[in-house]
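This report concerns only the one structure given below.
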Amino acid sequence: MTITEADRSVLLPQDVEVLQYLATHGPTRTGDIASGMTADLSVSAVRERLWVLMGLDNRVESRDRQIVDKDVETGEWGLVDQIENSARGHIPDDQQLLLQRMEDEQVRRALDRGCDRRAVMDVLGISRRSTFNKVKRAYAYDFPLDAFSRGGRPTDGSRPKRDTQATKNESDQQQRLDDVADQEDGSLGRIETWGTPESNTDEPGVHDGDLRNGRSADDDGLSDELRRHLQQAIDSLQEANSAL
């Protein structure tokens with residue numbers, strides 16, 4: 001591969017060594033890369049450099065090809081041709097990771113549009129270092145934040161032209177989001193219903209057979225009493241009608 005001057009404006013000297021390591025050893029874990037470096041770098045420091053390398057094509061305008069990728073199935077890093085299941089654009093099933101990807105992309109967009117870094121820090125309650133790491137991750141994973149949009153359709157004047165394939169890709173992304181939402185709902189367990197008290201089946205005299213359509217035995221007793229009053233009222237009306 002060719003590293004241009006524009007690339008070098010973003011990269012550090014150790015990044016070239018990371019590329020050489022990946023080219024030689026193939027897909028591998030972050031810890032293995034850190035231990036194989038000549039420079040004394042921590043695992044977290046190597047991970048940050050891998051984010052930069054993975055998102056290089058999104059940061060450098062003249063670069064049109066991604067060079068480093070991460071396998072979403074194995075968690076291993078490698079050159080693009082070495083990775084089978086790319087993590088770029090992937091929508092995680094894990095709720096916390098999903099929220100992190102969304103926040104990363106929001107921070108990146110805010111800073112790219114000139115928002116004050118301090119304001120972003122204050123709003124999200126994060127450190128200055130975290131804002132830089134979030135931008136690195138956002139460029140690397142290129143999370144499809146627009147797929148989460150629930151707003152109205154753009155006007156004809158602002159609606160971008162799209163080809164059929166792009167529309168199909170967005171539909172596929174939305175389907176994946178719906179699948180994630182279904183999985184999350186299933187993992188939440190019981191969902192509280194406001195205004196409906198839970199029946200205590202441990203109370204004496206209340207058994208499973210006494211529960212019908214969410215009503216306890218006391219509810220059935222109350223219904224029987226109401227029915228008796230209604231029947232008495234009907235009988236009285238019938239007697240009055242006969243007398244007339």
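The values are calculated or read from the model by the stated rules, or taken from the named source; none is laboratory data. This structure is a prediction, so every number in the text was calculated from the model and none was measured. FYI the Cβ positions are ideal-geometry reconstructions off the backbone, even for glycines, and counts take in every protein chain you see.
Quick notes
- Candidates Gly26, Gly55 - the one that is in contact with a Gly (Cβ under 8 Å, 6 or more places away or on another chain) and either buried (at least 17 other Cβ atoms within 10 Å of the Cβ) or under 16 Å from Leu79 (Cα atoms) (or both): Gly26
- Of the set (1) without any contact (Cβ under 8 Å) to a residue 12 or more places away in the chain; (2) in contact with a helix residue (DSSP H, G or I) (Cβ under 9 Å, 6 or more places away or on another chain), all apply to Gln20 but (2).
- Being in contact with a Ser or Thr (Cβ under 8 Å, 6 or more places away or on another chain) and in the same structural domain as Leu11 (by TED's automatic domain parsing) is a property that Arg59 lacks.
- Number of residues in the stretch 10-41 that are at pLDDT 95 or above, of a type in the set (Ser, Thr, Tyr) and outside any helix (DSSP H, G or I): the value is 1.
Yes/no per residue for (1) part of a loop (DSSP other than H, G, I, E, B); (2) assigned by TED's automatic domain parsing to the domain that holds Thr24; (3) among the hydroxyl-bearing types (Ser, Thr, Tyr); (4) closer than 17 Å to Arg47 by Cα:
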residue: Thr74; (1), (2), (3), (4): yes, yes, yes, yes
residue: Leu98; (1), (2), (3), (4): no, no, no, no
residue: Arg101; (1), (2), (3), (4): no, no, no, yes
residue: Asp104; (1), (2), (3), (4): no, no, no, yes
residue: Arg108; (1), (2), (3), (4): no, no, no, no
residue: Leu111; (1), (2), (3), (4): no, no, no, no
residue: Gly114; (1), (2), (3), (4): yes, no, no, no
residue: Met121; (1), (2), (3), (4): no, no, no, no
residue: Ile126; (1), (2), (3), (4): yes, no, no, no
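- Residues in the stretch 94-127 that are charged (D, E, K, R) and surrounded by fewer than 17 Cβ atoms within 10 Å (Cβ to Cβ) were compared, and the one that is farthest from Asn58 (Cα to Cα) is Asp122.
- If the condition is being at pLDDT below 95 and either over 13 Å from the mean Cα position of the chain (by Cα) or not in a loop (DSSP other than H, G, I, E, B) (or both), then the stretch 85-96 contributes Gln95, Gln96.
- Residues located in the stretch 28-46, provided they are more than 17 Å from Ile83 (Cα to Cα) and among the charged types (D, E, K, R): Asp40
- Scanning the stretch 47-63 for residues that are among the acidic types (Asp, Glu) and touching a residue at least 12 places away in the same chain (Cβ under 8 Å) yields Glu48, Glu61.
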